[in-house]
Each structure stands twice: as structure tokens, then as C-alpha cells.
1. Sort through Arg201, Arg212, Arg219, Arg136 and tell me the only one that's open to solvent by 20 Å² or more (accessible area, probe 1.4 Å) and over 20 Å from the mean Cα position of the chain (by Cα).
2. Go over the candidates Leu66, Leu72 one by one and state the one that is part of a helix (DSSP H, G or I), under 19 Å from the mean Cα position of the chain (by Cα) and at pLDDT below 95.
3. Can you name every residue in segment 277-327 that is under 21 Å from Glu144 (Cα atoms), surrounded by fewer than 14 Cβ atoms within 10 Å (Cβ to Cβ) and among the charged types (D, E, K, R)?
4. So if I check each of Gln103, Gln48, which one is more than 17 Å from the chain's Cα centre (by Cα), at pLDDT below 95 and not in a loop (DSSP other than H, G, I, E, B)?
5. If Asp249 passes every condition in (1) more than 25 Å from Cys143 (Cβ to Cβ); (2) assigned to a helix (DSSP H, G or I); (3) at pLDDT below 95 but one, which one does it miss?
6. Which residues, taken from segment 191-241, are acidic (Asp, Glu) and under 23 Å from Tyr282 (Cα atoms)?
7. Can you confirm whether segment 274-288 contains a residue that is at pLDDT below 95, in contact with a Phe, Trp or Tyr (Cβ under 8 Å, 6 or more places away or on another chain) and not in a helix (DSSP H, G or I)?
8. Among the numbered criteria (1) under 27 Å from Thr178 (Cα atoms); (2) open to solvent by less than 30 Å² (accessible area, probe 1.4 Å), which one does Pro33 miss?
Amino acid sequence: MLSTGGPQPRVDRAVREILRPVFAGLQDIDKFPPAFVPGSDSASRVRQMVEGAETYRDLVDPAVDLFIRGGLWGVDYVPVFRRALEDIAATRVDASKPGSIIQPMRAEYLTGLALFPTTLLMYAATIAALREGNYRMIQTLSCEAQLDVSEQFGGVTSHRPMIVGASPYYSLRTAEITQTLFAHQQGFLTDEMLGAIVSGRLRQGVRFPASRYLRETLRRNFDSAGVSSSEYEKLFDQAEVLFSMITVDIKDSGRVHADPWLGTFAQRTAAFDESNSVWSRYLDECERAGGDWLPLHSGLFGGSPDRAKAASQEVRRLTEDHLMRNR
């Protein structure tokens with residue numbers, strides 16, 4: 001058990017050993033077929049996506065605990081966890097092996113779902129790192145770690161910042177899938193409800209189902225790490241605010257097309273006083289601190305207070321627009 005830090009080479013070896021069964025499982029074609037069952041209708045495909053997401057979640061549970069420790073430990077181990085995240089993102093079933101009974105063309109949605117472990121691990125490490133002010137870990141895993149997207153570009157070598165593929169709106173793809181996944185997690189999914197979701201007849205789905213699912217599925221890991229429920233929820237909201245700011249900045253800099261994502265933080269407070277909400281206080285802190293804002297010292301937003309302020313203002317605008325439309 002790797003419970004404390006130590007010399008980086010020793011930690012690197014221990015991390016690799018803990019992740020060995022995770023890497024093996026990610027390549028198991030029986031667990032993660034790269035194509036839908038032939039003849040599947042829309043509801044069956046959504047159910048297969050949900051079952052696949054839950055199987056990924058169970059498989060990477062030890063890795064989630066490990067990345068939480070990495071976020072809490074400090075900057076000395078950032079390279080170890082960058083290598084681990086990049087390797088996990090690149091590890092998947094090889095459907096092109098001779099003799100494979102699965103068609104070699106990987107279904108687009110299942111290609112995205114193969115990045116769901118990356119979503120879970122980036123969230124886990126970021127939430128933990130926020131607790132310790134370990135912004136170097138966040139900068140490295142979200143912006144410096146690279147995702148190989150050559151498969152999506154016809155084999156032409158192409159890479160993107162990890163945060164692009166780790167977005168739950170890339171790995172989980174659609175509102176139908178995220179609504180179904182959250183309902184399944186909460187134990188109230190029925191065949192009738194699934195049919196209503198995929199046909200667009202669901203009268204009132206939950207808002208931000210991907211965010212809600214992630215918040216609940218990671219809660220038990222942070223509880224085991226000694227983080228109280230109230231502190232965890234605050235850190236979770238801060239993480240999603242920061243993810244939104246980073247994706248705004250990436251998009252504005254022209255590096256990639258990446259839409260920012262809002263999450264459970266973008267909800268009315270009980271007192272309808274948004275000035276005291278987690279997202280408002282976090283953005284206020286960014287704008288007041290200017291060049292002294294701690295994330296800038298670790299290279300986020302290129303160390304530029306102007307870029308950070310522009311991202312903050314855009315996330316504020318998006319959040320306020322959402323709240324205005326959903327009074």
C-alpha cells in the first residue's frame with residue numbers, strides 16, 4: 001500500500017504496480033467491446049454506454065484513490081501522475097488484432113467512453129489538489145498532459161490538452177446518456193424512463209446530470225480520504241469552476257475548440273444570493289487578486305492575470321445567463 005510519498009523513483013514504481021490490473025482491464029475486449037451489439041436500437045445503445053461507464057468506474061476505483069493521494073501530496077510527484085494519466089488515456093481495447101470477432105471500426109460513442117477513466121482521474125486529482133493549493137498538479141494534468149486524438153483525425157498525428165478529452169461532455173457525449181447514467185446511479189431508472197429519455201419525452205430531467213453523477217460517484221473515495229462531505233462539495237464546485245475557466249482560456253487562445261462546461265455550481269442558492277455562492281466567491285478571488293492569484297504561479301492561464309480575468313468574466317457571464325434562464 002502506497003500511503004505516503006518518498007523518493008520519486010520509488011513512488012513511480014509503486015504507482016505502476018498499483019495500476020497494473022487497471023491497464024490490463026482497460027484492454028479486455030470482453031469488458032469493453034469497441035462496437036455496439038449488432039442490431040441495437042437507441043435505448044439499447046444508451047444502456048450499453050451506461051453499463052460501460054459503470055464498468056470503467058469499478059475498474060479504476062484503485063486509481064481514483066491513488067490520484068487523490070497524488071493531489072494531496074504536493075508538487076514532487078506531478079511527473080509521476082502525468083505519465084500515469086497519459087498512459088491510462090492511451091490504453092484501450094485493440095479491435096484490429098487478427099481474429100477479433102468485433103468489427104474493427106470502433107463506434108464513435110464508445111471511443112469517447114474509453115476516455116471516461118481519464119475524466120474520473122482528472123476530477124479526483126484536481127479536487128484533492130485544490131485542498132492543498134497544489135495548482136502545479138492541476139496545470140500539468142489538465143493542460144500539459146497530452147491526449148492522442150490521431151484516431152479521430154484519420155490517423156494523422158494530432159494531440160490535444162488532456163482537459164479536452166477528459167471533459168465529461170466528451171467522454172459521456174450526450175444528455176440522453178448522462179441522464180440515464182445518473183438515474184441508474186440513483187436507482188430509479190426503469191425501461192419506461194429510458195424510453196422517455198431516448199425519445200425526448202422525459203418531462204423534467206435533472207440539471208447537470210454528468211456533474212451530479214461525478215460528484216456522487218467520487219464522494220465515497222474522498223470520504224475514505226478523510227474529507228468531510230461539506231468540504232468535498234465545495235472543492236468539487238471549485239474544480240468545475242476552474243475547469244470551465246481553463247476551457248474558456250484554451251478556446252480563446254485558439255489552441256482548440258473546447259466549450260466550457262457548467263456544473264452543479266451553477267444553481268440557485270437557497271437564499272437566492274449568488275454573491276455568496278462557491279462560484280461567485282471563487283471568481284471574485286481571481287479578479288481581486290490579479291497577479292497574486294495562486295494558480296498563476298503554477299502556470300495556469302500562462303501566468304497572465306489578464307487571461308485569468310477574461311476567463312473568469314466569461315464563466316461568470318455563462319453562469320448568470322444560465323441562472324437567468326432557469327429561475
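The values are calculated or read from the model by the stated rules, or taken from the named source; none is laboratory data. All values reported here derive from a predicted model rather than from experimental measurement. So basically every Cβ, Gly included, is an ideal-geometry build from the backbone, and we count neighbours across all protein chains shown. We work out accessible area using only protein heavy atoms, side chains counted, and drop any ligands, DNA or RNA first. Shrake-Rupley method; radii C 1.70, N 1.55, O 1.52, S 1.80 Å.
1. From the options Arg201, Arg212, Arg219, Arg136, the qualifying one is Arg201.
2. Numbers: Leu66 fails: at pLDDT below 95.
Within the list Leu66, Leu72, the selection yields Leu72.
3. Hit for segment 277-327 is Asp306, nothing else.
4. Exactly one of Gln103, Gln48 is more than 17 Å from the chain's Cα centre (by Cα), at pLDDT below 95 and not in a loop (DSSP other than H, G, I, E, B), namely Gln48.
5. (1)
6. Glu216, Glu231, Glu233, Asp237, Glu240
7. Yes, there is a match, as at least one residue in segment 274-288 is at pLDDT below 95, in contact with a Phe, Trp or Tyr (Cβ under 8 Å, 6 or more places away or on another chain) and not in a helix (DSSP H, G or I).
8. Of the numbered conditions (1) under 27 Å from Thr178 (Cα atoms); (2) open to solvent by less than 30 Å² (accessible area, probe 1.4 Å), the odd one out for Pro33 is (2).
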